Amino acid sequence: VIEEQIHDWPDACKPLLLIAEGLGTDGRKLFAPRTAGRNISSHEPDVSTPSYRLLVDPIDGTRNIMYDKRSAWFIAAVAPDRGERTSLRDSIASVIVELPTSKAGWADVFVATRDTPTRGVRNRLNDRDAGPGEPLSVGGGFWKVTARDEGGVLLALLATALRPDRTGLGVVPLPQAPLADAPGWLDADARGDGGDFSTTMPGAELDGLYAFATAGEVLKLLARFFAHVASRPDAREPGEPHEAHAAPATEGDGPEPSALPYLRVNL
């Protein structure tokens, strides 16, 4: 799985040397930039000089999690290549993700980048007591567009389950979408039955709620958003970030507003 993900990373991340257990005979694999539309990788160290080294421990604590006694951890760190002198001290970004036991109610994720504080997120695991068919609220999303010389791909995911009674969020990654297909997203029939964005949730029509059932519907909504912003430049309004922790939150206030700069888009 790790190798498949790295294959799809932009060329700006490569050449990249992956170091992890189970890779060939020496635990190393070099990923070169894509050539002629294909990803090239090799175990040979002289294919090219890596720009980065990625150190991964897929499961730290295998025996504990195997017997469902204690959490294991996924650990990764990336550093500019300094040859065999490269150490964790050189890392520019790292992440540690808890792999919880079946009885756990929460799981932690910690992310750190150079010169920034470590950030932690605690995710609640038992938030879907009504069963796997229960719909989740979409609180927002994230997207990034790769350079056209790297294939021109939209990378997006939805952020779900944002609630004032807990910390953390859930994410739903979407398949990579080539920008060359973007003109067709606006009028696409994503569900195939003309019912895009419709929902059968009781009371949804009273609250003006819509639903996503396919990734195509998310792309359709994003296409409409970008088309709206492109056709109405005056719709974009810079927002003033809230001062972080300006006043202590009291019970019932809900989540604290973001202290980050943002851009409001008016309809």
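All of the numbers you see were taken from the coordinates with simple rules; none came from a lab. Computed from a prediction, not measured in an experiment: that's the story for all the values here. Positions of Cβ are backbone-derived with ideal geometry, glycine not excepted, and every protein chain shown enters the neighbour counts.
Annotations for the structure displayed:
- Karplus-based coupling profile of region 74-88, in residue order and whole Hz: 8, 10, 8, 8, 10, 9, x, 6, 10, x, 6, 7, 4, 9, 4, with θ = phi - 60° in 6.51 cos²θ - 1.76 cosθ + 1.60 and x standing for Gly or Pro.
- Spin-label pair Ser87/Lys69, simplified geometry with 7 Å Cα→Cβ offset, distance in nm: 3.3
- Amide H contacts under 5 Å for Arg191, placed H, 5+ residues apart: Asp196
- Annotation: amide H of Leu125 within the under-5 Å range of Trp106, Ala107, sequence separation 5 or more or interchain, hydrogens built in the peptide plane.
- Linear extension gain, Leu267 paired with Arg119, 0.36 nm per residue minus alpha-carbon span: 49.9 nm
- Amide H contacts under 5 Å for Gly141, placed H, 5+ residues apart: Ala159
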